[in-house]
Amino acid sequence: MDIQIEIMLQSGQFKKLIEEQSAELRKKYDMKKAELEILYFLSKSGIHNTSTDIHRQLMMNRGHISQAVDNLCKRNYITAMPDKNDRRYIHYEITDNARELIKEMTDRRENVSRMILKD
């Protein structure tokens, strides 16, 4: 998805629309909003996949990030791997267990994007 569309989706009314679209997913997968946002971010982040990256991009409280990441690891949606060069950093990667959920989130975001850009 285009970065400018992502920025729009994170703002005001568009964010509310995304939240409405994700409410069903949160219920279906028994997840908190922060967990879904982090999972989606990690699916798109590439090598920028540390807690610091999550904090900078999503502007979330570090405590919420820590709790959400722990829950996602326990549920086997992500794995935590120490950085090879600097053990202070932990990298998070999506597991195969999360692929279906991420696909559903991506589809919903693309639907919202189409609604925004329609006409």
Do you know which of the residues in region 13-53 that are open to solvent by 20 Å² or more (accessible area, probe 1.4 Å) and of a type in the set (Asp, Glu) is farthest from Arg75 (Cα to Cα)? Glu20
Being part of a helix (DSSP H, G or I), touching a residue at least 60 places away in the same chain (Cβ under 8 Å) and on the phi < 0 side of the Ramachandran plot: is that true of Ser113 here? yes
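The values are calculated or read from the model by the stated rules, or taken from the named source; none is laboratory data. Here the structure is a predicted model, which is why all the values come from computation and not from measurement. Methodologically, a virtual Cβ is constructed for each residue, glycine included, from the backbone with ideal geometry; neighbour enumeration extends over all protein chains shown. SASA here: full protein model, heavy atoms, side chains in, ligands and nucleic acids out. Shrake-Rupley method; radii C 1.70, N 1.55, O 1.52, S 1.80 Å.
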